[in-house]
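Undergrad: Submitted below is the structure of interest, expressed as structure tokens.
The values are calculated or read from the model by the stated rules, or taken from the named source; none is laboratory data. What you see is a predicted model; the values in this text were computed from it and never measured. Methodologically, a virtual Cβ is constructed for each residue, glycine included, from the backbone with ideal geometry; neighbour enumeration extends over all protein chains shown.
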Amino acid sequence: MPAIDPAHIPAKLFPVIDALCTTGAEVSRIIARGPLGQALGAGVGENSDGDQQKALDVLADEMFEAGLRGAGVRFYASEEQEEVLSLVPGGRYAVAADPLDGSSNIDVNVTIGTIFSVFEAKEGADESFLRPASEQVAAGYIAYGPQCLLAVTFGDGTQLYVLDPDTGAFALAEEKMALPEAASEFSINASNRRHWTAPVLAYVEENEAGIEGAKGKNMNFRWVGSLVAETHRILTRGGTFLYPSDARSGYEAGRLRMVYEVAPMAFLVEQAGGLATDGVTPILSLSAEKLHERRPFVFGSRQEVERIRKLHD
Ligand code: AHG
Ligand code: MN
Ligand code: MN
């Protein structure tokens, strides 16, 4: 039985999406057992970027690698692997993934997720991923939260699926998500305020001034610490997300990775009617030059993302 309703999925991509859903459903069962199972949040090492790896980061990476191999995927790029892995020679697709996003929330029962980006494979492993983000043929996330959800785009709107616990398969919940144009919430890690650039500080200050300030409207503030959870909230009820560059060493281009965090979320957001930039330039017009490179990331409701761009002028 397929792990997802095939009705709205392009036939050629179905094996890849089905494999991602099968694996995602397995990962969600492991997460659901929490401390009854293995110590998912235990530190087990460091990835090539020097980020601490937790047991679930490594486990999820192994599971998605195996699932994608079974689906005939040619190249697999992962946050947890320094180099692109060659899986199946002659395979049609190249898949990049953040197998487990929101690692700091593993042990506290807060939504975490998997992010993926799909390209048509080229001859070379690296060149399959180091290309314009607009060339993605699919992108999505699986959110492991109160519901296990899949948001996915194939370039014709953003679809939402829910993992039905009764059938074990992802069922369509919304054929075209619509990200509201106006926002009343914004998200940024406020502990970095002293390191921000002037435009970012100006945006946050105008939000804080609320109805008394130039914006003339009160804005609520949220920070979950899982990009998947923030993106899902913003796709659902609008808002803005910022992980900008700041003055800390190592944060010259923000924190989030272009290939398997920023590019796929940008594709999903724009397909739902929102905007995604690096503060100024649309993400989908940009290419990655290195597999693990970071990119400042601003996305959400159109009016707000445009306002943030103006503040950069
Ligand atoms: P990951 O768990 O894959 O390393 O990603 C964490 C990311 C993202 O989910 C979140 O938006 C951001 O890092 C949180 O960063 P801060 O801890 O700097 O707030
Ligand atoms: Mn992540
Ligand atoms: Mn991760």
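Undergrad: Condition first: within 19 Å of Asn109 (Cβ to Cβ) and of a type in the set (A, V, I, L, M, F, W, C). Can you find one or more residues in the stretch 57-68 that meet it? Let's see the steps before the verdict.
TA: Our first condition is that a residue be within 19 Å of Asn109 (Cβ to Cβ); within the stretch 57-68, this holds for 57, 59-60.
Now narrow it down to the ones that are of a type in the set (A, V, I, L, M, F, W, C): 59-60.
The answer is yes, given that some residue of the stretch 57-68 is within 19 Å of Asn109 (Cβ to Cβ) and of a type in the set (A, V, I, L, M, F, W, C).
Undergrad: What are the pairs with Cβ atoms under 8 angstrom where one residue, in the stretch 91-119, is on the phi > 0 side of the Ramachandran plot and the other, located anywhere, is within 16 Å of ligand 3 (Cβ to nearest atom) and among the hydrophobic types (A, V, I, L, M, F, W, C)? Sequence gap at least six, or different chains.
TA: Short answer, once both residue conditions are applied: Gly102/Val110; Gly102/Ile112; Gly102/Val224; Gly102/Leu227; Gly102/Val228; Gly102/Ala229.
Undergrad: Here is a follow-up. For the stretch 51-73, state whether one or more residues are away from ligand 1 (no atom under 13 Å from the Cβ), touching a helix residue (DSSP H, G or I) at 6+ places or on another chain (Cβ under 9 Å), under 24 Å from Val162 (Cα atoms) and touching a residue at least 60 places away in the same chain (Cβ under 8 Å).
TA: No - not one qualifying residue is present in the stretch 51-73.
Undergrad: Still on this structure, please answer the following. Glu205 - would you say it is without any contact (Cβ under 8 Å) to a residue 24 or more places away in the chain and buried (at least 19 other Cβ atoms within 10 Å of the Cβ)? Walk me through how you get there before you give the answer.
TA: Details: without any contact (Cβ under 8 Å) to a residue 24 or more places away in the chain: yes; buried (at least 19 other Cβ atoms within 10 Å of the Cβ): no.
Considered against the rule, which asks whether it is without any contact (Cβ under 8 Å) to a residue 24 or more places away in the chain and buried (at least 19 other Cβ atoms within 10 Å of the Cβ), Glu205 comes out as no.
Results for (1) surrounded by fewer than 19 Cβ atoms within 10 Å (Cβ to Cβ); (2) free of Cβ contacts under 8 Å to residues at least 40 places away in the same chain, shown as yes or no for each residue.
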{"site": "Gly213", "(1), (2)": "yes, yes"}
{"site": "Glu261", "(1), (2)": "no, no"}
{"site": "Glu289", "(1), (2)": "yes, no"}
{"site": "Gln303", "(1), (2)": "yes, no"}
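Undergrad: Given the conditions (1) surrounded by fewer than 17 Cβ atoms within 10 Å (Cβ to Cβ); (2) under 14 Å from the mean Cα position of the chain (by Cα), report the number of the one that Glu270 does not fulfil.
TA: Condition (1) is where Glu270 drops out.
Undergrad: Is one or more of the residues making up the stretch 159-175 over 18 Å from Leu20 (Cα atoms), in contact (Cβ under 8 Å) with a residue 60 or more places away in the chain and more than 16 Å from ligand 1 (Cβ to nearest atom)?
TA: Yes, some residue in the stretch 159-175 is over 18 Å from Leu20 (Cα atoms), in contact (Cβ under 8 Å) with a residue 60 or more places away in the chain and more than 16 Å from ligand 1 (Cβ to nearest atom).
Undergrad: I've got another one for you. Of Asp18, Asp51, Asp57, which residue is among the charged types (D, E, K, R), surrounded by 13 or more Cβ atoms within 10 Å (Cβ to Cβ) and touching a Leu at 6+ places or on another chain (Cβ under 6 Å)?
TA: Values: Asp18 fails: touching a Leu at 6+ places or on another chain (Cβ under 6 Å); Asp51 fails: touching a Leu at 6+ places or on another chain (Cβ under 6 Å).
Of the residues listed, the single one that is among the charged types (D, E, K, R), surrounded by 13 or more Cβ atoms within 10 Å (Cβ to Cβ) and touching a Leu at 6+ places or on another chain (Cβ under 6 Å) is Asp57.
Undergrad: Determine whether Ala198 is of a type outside the set (Asp, Glu), over 17 Å from the mean Cα position of the chain (by Cα) and not assigned by TED's automatic domain parsing to the domain that holds Phe14. Quick ask: steps written out before the conclusion?
TA: Numbers: of a type outside the set (Asp, Glu): yes; over 17 Å from the mean Cα position of the chain (by Cα): yes; not assigned by TED's automatic domain parsing to the domain that holds Phe14: yes.
Spelling it out, Ala198 is indeed of a type outside the set (Asp, Glu), over 17 Å from the mean Cα position of the chain (by Cα) and not assigned by TED's automatic domain parsing to the domain that holds Phe14.
Undergrad: Another one. Out of the strands (runs of 3 or more DSSP E) lying entirely within the stretch 66-174, which hold 1 or more residues that are assigned by TED's automatic domain parsing to the domain that holds Leu13 and within 15 Å of the chain's Cα centre (by Cα)? Please lay out each step first, then the result.
TA: Numbers: elements: 75-78, 93-101, 112-120, 138-144, 148-153, 158-164, 169-174.
Per the criteria, 75-78, 93-101, 112-120, 138-144, 148-153, 158-164.
Undergrad: If you don't mind, there's one more thing I want to ask. Being on the phi > 0 side of the Ramachandran plot and out of contact with any Cys (no Cβ under 8 Å at 6 or more places or on another chain) is the requirement here; does Gly145 meet it?
TA: Numbers: on the phi > 0 side of the Ramachandran plot: no; out of contact with any Cys (no Cβ under 8 Å at 6 or more places or on another chain): yes.
No: the conditions fail for Gly145.
Undergrad: Given the options Arg237, Arg193, name the one that is within 23 Å of Thr158 (Cα to Cα), more than 16 Å from ligand 2 (Cβ to nearest atom) and surrounded by fewer than 16 Cβ atoms within 10 Å (Cβ to Cβ). Walk me through it before giving the result.
TA: On the way: Arg193 fails: within 23 Å of Thr158 (Cα to Cα).
Being within 23 Å of Thr158 (Cα to Cα), more than 16 Å from ligand 2 (Cβ to nearest atom) and surrounded by fewer than 16 Cβ atoms within 10 Å (Cβ to Cβ) holds for just one of Arg237, Arg193, which is Arg237.
Undergrad: What are the residues in the stretch 189-244 that are on the phi > 0 side of the Ramachandran plot and part of a helix (DSSP H, G or I), if any? It would help to see each step written out before you state the result.
TA: Taking the stretch 189-244 first, the residues on the phi > 0 side of the Ramachandran plot are 210, 216, 225, 238-239.
Gly210, the sole residue that qualifies.
Undergrad: Being within 12 Å of ligand 1 (Cβ to nearest atom), of a type in the set (Ser, Thr, Tyr) and more than 19 Å from Ala133 (Cα to Cα) narrows it down to one of Ser245, Ser184, Ser191, so name that one.
TA: Working: Ser245 fails: within 12 Å of ligand 1 (Cβ to nearest atom); Ser184 fails: within 12 Å of ligand 1 (Cβ to nearest atom).
On inspection, the qualifying residue turns out to be Ser191.
Undergrad: Can you find a residue in the stretch 266-273 that is in a loop (DSSP other than H, G, I, E, B), over 21 Å from Gln136 (Cα atoms) and at pLDDT 95 or above?
TA: The first filter runs over the stretch 266-273 and keeps only residues in a loop (DSSP other than H, G, I, E, B), leaving 272-273.
Those left that are additionally over 21 Å from Gln136 (Cα atoms): none.
No, the stretch 266-273 contains no residue that is in a loop (DSSP other than H, G, I, E, B), over 21 Å from Gln136 (Cα atoms) and at pLDDT 95 or above.
Undergrad: Moving to a separate point now. May I ask you to list the residues in the stretch 247-277 that are out of contact with any strand residue (DSSP E or B) (no Cβ under 8 Å at 6 or more places or on another chain) and under 12 Å from Leu179 (Cβ atoms)?
TA: Within the stretch 247-277, Gly273 is the sole residue that qualifies.
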